[in-house]
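This report refers to the structure that appears directly beneath it.
Read-outs: derived from the displayed coordinates by stated rules, not from any lab. Here the structure is a predicted model, which means the values were calculated and not measured. Reconstructed Cβ throughout: ideal geometry from the backbone, glycine too, with neighbour counts over all protein chains shown.
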Amino acid sequence: MRYHFHGHIFDYSALDLLLEYQIELNTISSLTFTYPQTRKKIGSDLSNFFPNAKILPVSNKGRDFYPFKKSLEEITVLSQDVIIKWHDKRRNHFSGLPLSMQERRNLLEYCIPTSEPGIPPLLIPFQDCAEVSLSTIRGWLIPLGLRLGNNTKMLIQFCQQEGLQWENVISNAYFPAGGVFAVKYVLLQNSSWLHADPPNFEYGHGGLDGTWAHSSERWIGVLASRAGQLSEVSF
């Protein structure tokens, strides 16, 4: 299975975590890392430690989804089956409690090749069933209608761009809360979400809901829910 790994490296703590898995990551043939353009040392370190990766500086906006979108724009000429999106989460998105260092390691281990089973665990559902369109960590797959927050207005705009009826979307969609997932690339490649300029890219707002980034997290779930099965992985 052909897959691409995208990681957003916001600070040196995330880089230190990444370097614990340097050997495993360098076995992946298609890699993109993004980092804040003001933190040039992170960019140079990424280039040194991951010589085969595409390294992209990005503006500090759109949380982890603006970097993800920029990464996808760079790989549109490639033919990848599945895209893995990872960022170094520091807090549980349900409870708000800080994640331990081991929990942060565990999240990365879902996304990279391991000695057992030999592929990133998030890819196992795709390998087992051709109908799977998205996978995430067990407990992170949430019905869209239960966690809309302040995102309704922007999601309706996304629906209009795709020619979808909001009433049908809201009743049938799930999304990967937490923003660490694997998704079939063709769903994003063919979506206006990837190719259109968004109305706004908010600068870092912390946990403020209703931003383009929060709506994008939900929209990717919408695209995947329409296309096939969604799966959760325990590892």
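Given a Förster distance of 22 angstrom, what is the FRET efficiency for GLU131 paired with GLN189, based on the Cβ-Cβ distance and rounded to 0.05? Walk me through the numbers before you get to the answer.
Numbers: r = 18 Å, r/R0 = 0.84.
Efficiency computed from Cβ-Cβ geometry: 0.75.
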Exercise for the section: For a quick protection proxy, order the peptides 81-91, 140-150 by their average other-Cβ count within 10 Å, most packed first. Expected result: 81-91, 140-150
Problem - Sorted largest first, extent of the chain alpha carbons per principal axis (Å) - result: 48, 40, 39
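Pulled fully out, how much extra length does the chain show between SER171 and ARG91, if you take 0.36 nm times their separation in residues and subtract their Cα-Cα distance? Before the final figure, lay out each step's value.
On the way: separation 80, 0.36 × 80 = 28.80 nm, distance 2.88 nm.
Extra length from SER171 to ARG91 when fully extended: 25.9 nm.
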Exercise for the section: First check a/c for region 86-144, with a ≥ b ≥ c the square roots of the eigenvalues of its C-alpha gyration tensor; if it is under 1.5, answer rounded, and if not, answer prolate when a/b is larger than b/c or oblate otherwise. Expected result: oblate
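I'd like to compare 168-176, 156-164, 94-102: which one has the highest average count of other Cβ atoms within 10 Å, and what's the full order after that?
Working: 168-176: 18.8, 156-164: 15.2, 94-102: 10.0.
Going by the mean number of other Cβ atoms within 10 Å, highest first, we get 168-176, 156-164, 94-102.
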Handout entry: Rounded tilt (10° steps) of 40-49 against the dominant C-alpha axis of the chain
Key = 70
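Which of the peptides 212-222, 28-38 is most tightly packed, and how do the rest follow, judged by the mean count of other Cβ atoms within 10 Å per residue?
Taking the mean over residues of other Cβ atoms within 10 Å, the ranking is 212-222, 28-38.
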